[in-house]
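Okay, so here's the structure we're looking at.
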Amino acid sequence: MESAIKGLLMAAGVVLTCIVIGIGFYMAREAKSTAMSSAESLSDFKREISEKDINRFDDREVTGSDVVNFTRKELRKYKSGQEAPVTVKISTSSGNYTYENNTTLKELREITSVRYVNPLAMFQGKVVRDDNDVIIRVEFTQK
């Protein structure tokens, strides 16, 4: 009789051990998926923060002064021969111009230049993204 009780206790111990181990694996799996989702949310938040200066122009009406200031800020560190990761396209009554570096930025303020942007003119902004949802260009069209 005593050996039967010992056998039952041992079987109960094995079953309890298996249950505890199963719960441990379940909790580890849940923790991993929670960590992955948190990392993804953090990555999205980081991207939003880094793009906030550009996204504020998306589908908004802005002045020519804002257009010039944004273009100078984004492209001033890229010299001739270098291409910025985000280009700026400005469409005015005198033509369409795409800016990839700081080569012609000073012409934006020179009133005699064909690239001149009137600081009081109104522009419609648009942010253009590629297939991977990365910003590649900001377009400003004069109204």
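Coordinate-derived values only; no laboratory data. Not measured: the values here are computed from a predicted model.
Between the helical axis of 64-75 and the dominant principal axis of the chain, each derived from Cα atoms, what acute angle in degrees is found, rounded to the nearest 10?
Roughly 60 degrees between the two axes.
Taking every eigenvalue of the Cα gyration tensor of the stretch 18-60, multiplying by 5 and rooting it, what semi-axes result, largest first, whole Å?
Ellipsoid semi-axes (Å, largest first): 41, 7, 4.
Rounded to the nearest 5, what % of the DSSP beta bridges within the chain are antiparallel ones?
Here the antiparallel bridges make up roughly 75 percent for the chain.
Short version: what are the Cα gyration tensor semi-axes of the stretch 66-141, square root of 5 times each eigenvalue, largest first, in whole Å?
Each semi-axis is the square root of five times an eigenvalue, giving 20, 16, 10 Å.
Identify which of Thr34, Thr71, Thr104 has the largest mean-square fluctuation in a Gaussian network model of the chain, with springs joining Cα atoms closer than 10 Å.
Between Thr34, Thr71, Thr104, it is Thr34 that shows the largest mean-square fluctuation.
Using only the alpha carbons of the stretch 27-107, determine the length spanned along each of the three principal axes and report them from longest to shortest in whole angstroms.
Its Cα atoms span 64, 31, 17 Å along the three principal axes.
For the chain, what size does the Cα cloud have along each of its three principal axes, sorted from largest down, in whole Å?
108, 31, 21
Rounded to the nearest 10 degrees, what's the angle between the helix 2-55 long axis and the longest principal axis of the chain, both from Cα atoms, 0 to 90?
Around 0 degrees separate the two axes.
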